[in-house]
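The values are calculated or read from the model by the stated rules, or taken from the named source; none is laboratory data. All of these numbers come straight from a predicted model, not from anything done at the bench. Here the Cβ positions follow ideal geometry from the backbone for every residue, glycine too, while neighbour counts run over all protein chains shown. Only protein heavy atoms, including side chains, enter the accessible area calculation; ligands, DNA and RNA are left aside. Shrake-Rupley method; radii C 1.70, N 1.55, O 1.52, S 1.80 Å.
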There are 2 protein chains.
Amino acid sequence: VDDSGHGVLDPDEAAHVTRVLRLGTGAEIDVVDGRGGTFHARIVEVSRGRVRVRVEGTASAAAEPGVRVTLVMSVIKGDRMDEVVRDATMMGVAAIQPVVATRSEVSVATVARAHRRERWQRIAVSAMKQCGRATLPPVHEPVTLERWLGSPEAAAPVLVLTEPAVGAGSRFGSVPRSAAATLLVGPEGGWTPDEAAAFAAAGFQFVALGGRTLRADAVPLVAMAALFEAWLAW
Amino acid sequence: VDDSGHGVLDPDEAAHVTRVLRLGTGAEIDVVDGRGGTFHARIVEVSRGRVRVRVEGTASAAAEPGVRVTLVMSVIKGDRMDEVVRDATMMGVAAIQPVVATRSEVSVATVARAHRRERWQRIAVSAMKQCGRATLPPVHEPVTLERWLGSPEAAAPVLVLTEPAVGAGSRFGSVPRSAAATLLVGPEGGWTPDEAAAFAAAGFQFVALGGRTLRADAVPLVAMAALFEAWLAW
């Protein structure tokens with residue numbers, strides 16, 4: 001949105017508005033800027049797939065959670081990862097960083113070749129609109145777990161989800177509340193002992209979710225719910 | 001398991017043991033009785049698909065949660081309901097009662113004709129084994145919401161999950177802790193005003209899960225996580 005209150009829709013959204021909804025000049029729509037702003041707008045120009053709108057007022061969006069959660073998620077197979085991106089977005093995740101861990105069944109090269117990041121970002125856009133949020137969680141470029149561990153993003157508080165078999169995890173309720181948290185979720189086969197040692201060396205905190213084994217793709221949703229409840233951050 | 005420490009496997013499990021695992025007399029297996037018992041056992045007889053075992057010791061199973069949760073779930077479409085049954089079982093649900101609400105997109109007759117209950121019960125067996133539990137949550141015969149409301153099972157504390165748009169829900173943390181709780185989850189289109197009025201008249205408590213709209217099939221998992229965290233019942 002520029003200073004005169006005009007803006008141009010994202011190409012995917014423009015295609016949706018003109019081809020699916022079949023709207024033209026003069027039609028009223030609600031738009032979000034992905035950074036927390038939601039607006040009532042009117043279409044002022046449609047030309048060659050480009051849709052220009054004029055903002056006519058602000059609208060309300062769903063509240064963001066009280067804690068900024070970054071989900072660092074080991075890439076899991078196919079549809080399951082799509083569902084993780086969708087559900088985490090609807091829960092209110094602030095950002096998603098896909099990583100490839102030792103036991104992940106894909107490589108960074110495969111993920112890049114398949115343009116998975118672009119697909120996940122589109123899923124996040126769609127989930128954002130569906131759940132009423134106006135803030136788009138960025139889906140970052142997938143990297144190896146090792147590379148992520150060496151990045152400035154791997155700073156505390158990082159909470160590592162551990163399997164019940166491993167046992168040595170705290171409860172979310174015992175982790176001191178903070179304004180931001182990074183949740184680190186492993187692949188179906190779990191973390192390797194080397195990975196767990198690297199997390200401990202980095203000062204990350206291990207947290208556990210009860211005594212039953214959950215599916216890897218259910219863990220992000222359950223962990224976010226437990227965190228929001230423990231920190232009263234819904 | 002009888003007094004002499006012998007038992008016969010359930011026909012589905014017997015078929016799995018003989019046809020998939022190709023085990024015969026003398027093989028050692030771990031068995032669960034679905035009521036909390038887990039045992040090391042040895043196959044003593046295989047005849048015409050019937051597998052008889054002798055218990056040789058007890059084994060350990062995943063701990064059950066600190067609260068007995070009955071999930072009263074509005075039937076949602078196809079695979080999604082299967083996933084709800086699987087995930088709720090892995091989270092530690094004590095029992096599942098499928099109901100058909102006004103806005104459910106199926107009828108009780110359709111569900112009965114398709115033998116959905118039997119399918120969901122098999123999914124619960126499989127999820128129980130996968131997550132390490134030894135307690136099988138029964139999946140009850142689907143009934144209309146109205147009929148469930150008239151049954152003795154519809155007794156407090158019943159927690160009704162409400163959508164953010166409805167607004168008037170408490171947090172799980174503000175509900176007094178008890179040994180058992182019933183979670184009532186609506187269909188994709190939500191509860192009707194009449195249904196909400198009936199819940200209020202019955203003294204049920206409305207609870208909400210943050211400001212974002214979740215998918216109906218994600219709600220049971222998120223609600224159980226919030227409840228376990230709020231009541232320290234993992």
I'd like to know if region A:166-185 contains one or more residues that are in a helix (DSSP H, G or I) and of a type in the set (Lys, Arg).
no
Can you pull out the residues in region B:32-49 that are among the small types (Gly, Ala, Ser), in contact with an Asp or Glu (Cβ under 9 Å, 6 or more places away or on another chain) and surrounded by 13 or more Cβ atoms within 10 Å (Cβ to Cβ)?
B:34, B:41
Suppose we filter region A:58-85 for residues that are open to solvent by less than 10 Å² (accessible area, probe 1.4 Å) and under 19 Å from residue A:130 (Cα atoms); how many remain?
3
Just wondering, is there one or more residues in region A:143-159 that are more than 14 Å from every other protein chain (Cβ to nearest Cβ), assigned to a helix (DSSP H, G or I) and touching a residue at least 60 places away in the same chain (Cβ under 8 Å)?
yes
Hey, could you check region A:187-206 for residues that are of a type in the set (A, V, I, L, M, F, W, C) and not in a helix (DSSP H, G or I) and say which is nearest to residue A:223 (Cα to Cα)?
A:206
Residue hits (region A:57-82; without any contact (Cβ under 8 Å) to a residue 24 or more places away in the chain and either of a type in the set (D, E, K, R) or under 30 Å from residue A:111 (Cα atoms) (or both)) are A:78, A:79
Which numbered condition in (1) under 30 Å from residue A:110 (Cα atoms); (2) in contact (Cβ under 8 Å) with a residue 40 or more places away in the chain; (3) open to solvent by 50 Å² or more (accessible area, probe 1.4 Å) is the only one that residue A:179 fails?
(1)
Suppose we keep only residues that are at pLDDT 95 or above and small (Gly, Ala, Ser) within region B:88-121. Which one would you say is farthest from the chain's Cα centre (by Cα)?
B:101
Examine region A:200-208 for a residue that is of a type outside the set (Lys, Arg), more than 20 Å from residue A:100 (Cα to Cα), in contact with a helix residue (DSSP H, G or I) (Cβ under 6 Å, 6 or more places away or on another chain) and modelled with pLDDT of 95 or more, and state whether such a residue exists.
no
Pairs where the first residue, in region B:20-48, is touching a residue at least 60 places away in the same chain (Cβ under 8 Å) and over 10 Å from residue B:134 (Cβ atoms) and the second is acidic (Asp, Glu) and surrounded by 11 or more Cβ atoms within 10 Å (Cβ to Cβ), C-beta under 8 Å, 6+ apart
none
So, residue A:54, is that one of a type in the set (D, E, K, R), at pLDDT 90 or above and open to solvent by 70 Å² or more (accessible area, probe 1.4 Å) or not?
yes
If we ask which residues in region B:167-176 are open to solvent by 70 Å² or more (accessible area, probe 1.4 Å), within 13 Å of chain A (Cβ to nearest Cβ) and aliphatic (A, V, I, L, M), their number turns out to be 0
May I ask you to say which residue of A:136, A:232, A:221 is on the phi > 0 side of the Ramachandran plot and touching a helix residue (DSSP H, G or I) at 6+ places or on another chain (Cβ under 8 Å)?
A:232
List the residue pairs whose Cβ atoms are under 9 Å apart, where the first residue sits in region A:206-233 and is at the interface with chain B (Cβ under 7 Å from one of its Cβ atoms), the second is of a type in the set (Ser, Thr, Tyr) and open to solvent by less than 10 Å² (accessible area, probe 1.4 Å), and the two are 6 or more positions apart or on different chains.
A:212/B:89
Which one is farthest from the other protein chains (Cβ to nearest Cβ) among residues in region A:182-205 that are open to solvent by 20 Å² or more (accessible area, probe 1.4 Å) and among the charged types (D, E, K, R)?
A:194
Over 17 Å from residue B:188 (Cβ atoms), among the basic types (Lys, Arg) and in contact (Cβ under 8 Å) with a residue 40 or more places away in the chain - does that describe any residue in region B:89-112?
no
Where residues in region A:86-130 are in contact with a strand residue (DSSP E or B) (Cβ under 6 Å, 6 or more places away or on another chain) and within 14 Å of chain B (Cβ to nearest Cβ), which of them is surrounded by the fewest Cβ atoms within 10 Å (Cβ to Cβ)?
A:94
Any chance residue B:65 is closer than 28 Å to residue B:199 by Cα and either within 14 Å of chain A (Cβ to nearest Cβ) or under 11 Å from the mean Cα position of the chain (by Cα) (or both)
yes
Among (1) surrounded by fewer than 19 Cβ atoms within 10 Å (Cβ to Cβ); (2) under 20 Å from residue A:216 (Cα atoms), the one test that residue A:145 misses
(1)
Hey, can you tell me all the residues within region B:131-142 that are outside any loop (DSSP other than H, G, I, E, B) and among the acidic types (Asp, Glu)?
none
